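Structure, as structure tokens:
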Amino acid sequence: MTDLERGDLRELAVEDGGFHRSYFLVRHRSKYLTDGMKRVIRVLREHLGGEQP
């Protein structure tokens, strides 16, 4: 049984409300970026958007 089914949580409709969340990727500019780290950064930019350096 879920929390909703038990009544522990309640679902509410949100009208005219917009949700916005900002994410930041911080790294030391003089540290080496591995190929794996570069791939993670590329995927994050592709899916979340954001400015390019």
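Filtering the range 30-53 to residues that are at pLDDT below 90, in a loop (DSSP other than H, G, I, E, B) and not acidic (D, E) leaves G49, G50, Q52, P53. Checking the stated criteria, D16 turns out to be in a loop (DSSP other than H, G, I, E, B), at positive phi and without any contact (Cβ under 8 Å) to a residue 60 or more places away in the chain.
Let's see how each residue does on (1) hydroxyl-bearing (S, T, Y); (2) exposed (fewer than 10 other Cβ atoms within 10 Å of the Cβ):
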site: D8; (1), (2): no, yes
site: A13; (1), (2): no, yes
site: G18; (1), (2): no, yes
site: R21; (1), (2): no, yes
site: R27; (1), (2): no, yes
site: T34; (1), (2): yes, yes
site: V40; (1), (2): no, no
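The values are calculated or read from the model by the stated rules, or taken from the named source; none is laboratory data. No experiment lies behind these values; they were computed from the predicted model shown. Positions of Cβ are backbone-derived with ideal geometry, glycine not excepted, and every protein chain shown enters the neighbour counts.
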